[in-house]
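Report on one structure; see the data block that follows.
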Amino acid sequence: MKLQTCLILFLILLQACAVQPNKIRPRETANELNHFELVHKNTDFHSITQSMVRRFDMELDRLHKAKKSKKILNASDLEKLHLHRTELQLAWEFSEKNLDELSDQYISVLNDANNNGSDSQPKAQAALSELSALLDNKWVDGSKLSVISIAQHLSDANDDYKKMNSDFQVIDFKKYMPNSDEMKKKSFVEISKKIRPKNETLQVFNEWSQYKNLRLIEIADQIDRNPQALDNLLPAADGRGTITGQRFPPGTWALTYDDGPHPTQTREMYKVLKSNSVPATFFWLTKNILLYPDIAKEAPALGHSLASHSYNHPQLPKLSPQNLEREVSQAANDFSKIIGQRPTLFRCPYGDCGGNNSAVRQLIAKNNMIHVGWNVDTLDWQDKNPASIFERTKKQMDILGRGIILFHDIHTQSVEATKLLLPYMKNVKKVDIKPLKEIISIVRERPFESP
C-alpha cells in the first residue's frame, strides 16, 4: 500500500477517535424554516475552513522556501501539501452542500413572501426580515468573511430567481459584498477578527469530521492515480481519459474558471483576460448557460474555450443513473444548443468522479469527453482576499512549474486575484498560457477539437 494511502487511513482513524456524539442546536421556534440554524452552521464551518486554509498556506510556505533555497523537492515533500489540499476539497463539498440547502430554503421563503393573499405570506415576510437582521448582527460581531460567503451564494440565488420572476421582491445582499479597495487590502485576520467559541463550532465540527472521514475512505483509491501523459489522452473511463496538468511541458499553464457564466463577474473576467491578451478555459454549468446565453456566446469570440461542468453542480457519484444522465449527457446536449458545439472536456464538480472506471467516468467517456482536474488550487471559494489568493497561486506555480490553475468566475475576489496574477505570469515568470485544447493538440501532434 502506498505511503499516501497509509497516511490517509491513519488520519481517518485518528480523527474518528476524536469525534464526539453529534449535538443539535435547538431551533428558535417550533415552526421556524431553520434559517437561523443554517446561518449559524455556515458561519461556524467558515471558521473551521479558515484554520484549514492557514495550515495549507503554512505547508505551502515551507515548500516554497525550500524550493527557493535550491532544494530538490521529491514526492514525499509534496505529500503533506496534497493531503491538506484533499481535505480542503472535501471541505468545499461540505460547505457548498450547506450553502445550497440555505439557498433552497431562501427561495422557498421568497415564493411564499411574494404570494399575495397566501396564509403563509406574513410569516415568510417576517422570516426574510429576521434573516436580514441576523446577517447584520453576524457582520457586526466580526463574522464578516462567513457573511460574505453567504451573501455571494444568496445573491446568486437572487439573480437566478429574478431572471424567472422579474417582479418579485428579494433581499439585497450586495451590501455584504464589499467591492472596493477594502476587499483588496484587508487580510484574513483583519477582516474577521473574532474567533468563534469552541462550543459554537462543536456541532458542525462533529458533522464535518464524520463527513470527511467517510469521504476520505471513498476517495482513497482515486488519490493514488497517476496523471495521464498528454500524448495518450482520449475519451476513456480509465487513466487515459483524465488530465491534471502535472505532465504539461515545463512552463506551460492553463487558466480554468468554473461555475459560470455569472451575470456580472464573468464579463468582468473577460475584461481582465482581454486587457492582458490571455485566453482561458471556462467550465460552465449548463443551467447558467441557459440563464445567460448572451454572456456564454461571447467567450469563443474573445478567444476562450468552453467546457462542461455538469448541469447543476451536484456530487455526481451520489446520483441515480437517471440523474447522472441529466448531469452529464443532457448537460452536453443543452450546452450545444446554445454554444453550437458539444463539449469535449468535462470537469466533475469538486473534482469528484468516483475514480477510474466509475459510472461517472464511463458516462463522460461515452459522451466523447475527457475529464480535467487541476494541480493548482487558488481556494478562491473560501478566501475573500485577492492578495492572499494571488500569493497562494504564485507559490504553487513556483513549486510545480506547469499545470492547470483552478479559479471560479462567480466571485469578485477571483476577478481581482486574476488581475494580480496575469502580470506575474506574463512579465515575471514569462510562462506560456494557452487554452487546454491547444495544449492537448500541441503535445498529441494532432488536433483536439473543443468549443
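Before moving on, here are some points about what is shown:
- Within the stretch 255-289, tally of residues that are under 17 Å from the mean Cα position of the chain (by Cα) and crowded, with 20+ Cβ neighbours inside 10 Å: 19
- Of all the criteria given as (1) open to solvent by 20 Å² or more (accessible area, probe 1.4 Å); (2) modelled with pLDDT under 90; (3) within 20 Å of GLU391 (Cα to Cα), the one not satisfied by MET183 is (1).
- Only one entry in LYS426, LYS384, LYS366 is modelled with pLDDT under 90 and among the basic types (Lys, Arg), namely LYS384.
- Restricting the stretch 414-438 to residues that are part of a helix (DSSP H, G or I) and hydrophobic (A, V, I, L, M, F, W, C), the residue that is farthest from the chain's Cα centre (by Cα) is VAL428.
- Of the residues making up the stretch 314-350, those that are of a type in the set (Gly, Ala, Ser) and crowded, with 20+ Cβ neighbours inside 10 Å are ALA331, ALA332.
- Residues of the stretch 47-60 satisfying the condition of being open to solvent by 10 Å² or more (accessible area, probe 1.4 Å) and in contact (Cβ under 8 Å) with a residue 24 or more places away in the chain: SER47, ILE48, GLN50, ARG54, ARG55, ASP57, GLU59
- Here the stretch 72-117 is the region considered, the condition is being under 17 Å from VAL170 (Cβ atoms) and among the polar types (S, T, N, Q), and the residue that is most open to solvent (accessible area, probe 1.4 Å) is ASN116.
- Scanning the stretch 361-388 for residues that are more than 19 Å from the chain's Cα centre (by Cα) and either crowded, with 20+ Cβ neighbours inside 10 Å or within 30 Å of ILE217 (Cβ to Cβ) (or both) yields ARG361, GLN362, LEU363, ILE364, ALA365, LYS366, ASN367, MET369, ILE370.
- Pair list, Cβ < 8 Å and 6+ apart or interchain, from the stretch 72-92 residues that are assigned to a helix (DSSP H, G or I) to residues that are surrounded by fewer than 18 Cβ atoms within 10 Å (Cβ to Cβ) and of a type in the set (Gly, Ala, Ser): ASP77/ALA66
The values are calculated or read from the model by the stated rules, or taken from the named source; none is laboratory data. Computed from a predicted structure; not experimentally measured. Cβ coordinates were reconstructed from backbone atoms using ideal geometry, including for glycine residues, and neighbour counts include every protein chain displayed. Surface areas here come from the heavy atoms of the whole protein model, side chains and all, with no ligands, DNA or RNA. Shrake-Rupley method; radii C 1.70, N 1.55, O 1.52, S 1.80 Å.
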